[in-house]
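Below is one structure, written out as structure tokens, with a few remarks after it.
Only the coordinates and a few stated rules stand behind these numbers; no lab work does. As the structure is a prediction and not an experimental result, all values here were calculated from the model. FYI the Cβ positions are ideal-geometry reconstructions off the backbone, even for glycines, and counts take in every protein chain you see.
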Amino acid sequence: MQAERRGDQDILPLVEEEVRVGTRTVTTGRVTVRTITETVEDVARVALAGAEVDVERVPVGRRVDSPPPVREENGVLIVPVLEEVAVVETRLVLREELHIRRRRTSETVEVPVALRRQRAEIDRLPASDDPSGAEGPAPGEAPPAPDRQHEDDQR
């Protein structure tokens, strides 16, 4: 660069540099992902509801003309039990009644169960040597600096 003289003035040319910044896609590596199903033993707790009955035999020994109906008194189911007794004539005799009471029960049980759970495993693979996955540097550009984070991930 030289200064130029015009008349009584020196003219000094000025130069300016410009930078052009851009981005491009670069393949730095690949990963594979697979799922693995594991079976773990666990205990499932559940409350089971049920009913138990007590049967009380109540002797009656009374003669009846027809079978009495099944009835309920104060939450007790009463079932008549009949028999015929042989005499000179046949008579219907109420031999006994069954008094049935209900009780509600509940219990907690532990049942072993097999539960399945999946987890993912990821393996990082090196970048492909095939340049078709990434564009090269533009003419006149320097190649990009290595990506430190990806290099650390591959170790």
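Any residue in the stretch 90-103 that is farther than 30 Å from R34 by Cβ, of a type in the set (K, R), loosely packed, with under 10 Cβ neighbours inside 10 Å and touching an Asp or Glu at 6+ places or on another chain (Cβ under 9 Å)?
Yes: the stretch 90-103 contains one or more residues that are farther than 30 Å from R34 by Cβ, of a type in the set (K, R), loosely packed, with under 10 Cβ neighbours inside 10 Å and touching an Asp or Glu at 6+ places or on another chain (Cβ under 9 Å).
Given the options R30, R57, R63, R24, name the one that is among the charged types (D, E, K, R), in a loop (DSSP other than H, G, I, E, B) and more than 30 Å from P112 (Cα to Cα).
None of the others qualify; the one that does is R24.
E56: surrounded by 10 or more Cβ atoms within 10 Å (Cβ to Cβ) and under 50 Å from the mean Cα position of the chain (by Cα), yes or no?
Yes: the conditions hold for E56.
Of everything in the stretch 14-45, what is of a type in the set (A, V, I, L, M) and exposed (fewer than 10 other Cβ atoms within 10 Å of the Cβ)? Give them in sequence order.
Within the stretch 14-45, L14, V15, V19, V21, V31, V33, I36, V40, V43 qualify.
Out of the stretch 69-84, which residues are over 10 Å from E97 (Cα atoms) and surrounded by 11 or more Cβ atoms within 10 Å (Cβ to Cβ)?
Within the stretch 69-84, R71, V76 meet the criteria.
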